[in-house]
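To keep things clear, I will list the structure first and then write my remarks on it.
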Amino acid sequence: MSEERLEKIETRIALQEDQIEELNKTIYLQQKKLEQLEARCAALADYISSLARTLNETTSAVSERPPHY
């Protein structure tokens, strides 16, 4: 194998390793963001459920006839 060809291969490998490292960083950051968004969605779902329960309780109290009727 010629020296020039060996250098090209080594250069390609080095560039690929850099690209792989960059992709790994990107995936890691995306995973962190995904986890944050999932936590936010869960918190919002809990909040909406709480609001729905409160609305149901309020609606039930309002729809009941007062004792003087």
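The values are calculated or read from the model by the stated rules, or taken from the named source; none is laboratory data. In this text the structure is predicted, and so the values were computed from the model without any measurement. Cβ coordinates were reconstructed from backbone atoms using ideal geometry, including for glycine residues, and neighbour counts include every protein chain displayed. The protein model used for the area step is the full one, side chains on, heavy atoms only, and it has no ligands, DNA or RNA in it. Shrake-Rupley method; radii C 1.70, N 1.55, O 1.52, S 1.80 Å.
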Self-check item: Helix axis angle, 3-63 relative to the chain longest principal axis, alpha carbon, degrees
Solution: 0 degrees
Quiz item: Toward the positive end of the charge dipole of the chain, about the Cα centre and with charges on Cβ (Lys, Arg +1; Asp, Glu -1), which of ALA52, LEU6, LEU37 goes farthest?
Solution: ALA52
Quiz item: In Å², what does the accessible area per residue of the chain work out to with a 1.4 Å probe?
Solution: 100 Å²
Quiz prompt | lysines with Cα under 29 Å of LYS8, excluding same-chain neighbours fewer than 8 positions away | solution = LYS25
Practice problem: Report the charge-dipole magnitude of the chain in Debye, nearest 20, computed about the Cα centre from +1 at each Lys and Arg Cβ and -1 at each Asp and Glu Cβ. | Solution: 580 debye
Quiz item: Can you put ILE27, ILE13 in order of accessible area, largest first, using a 1.4 Å probe?
Solution: ILE27, ILE13
Quiz item: Which value in nm describes the separation of the simple spin-label points at ALA42 and SER2, placed 7 Å from the Cα toward the beta carbon?
Solution: 6.0 nm
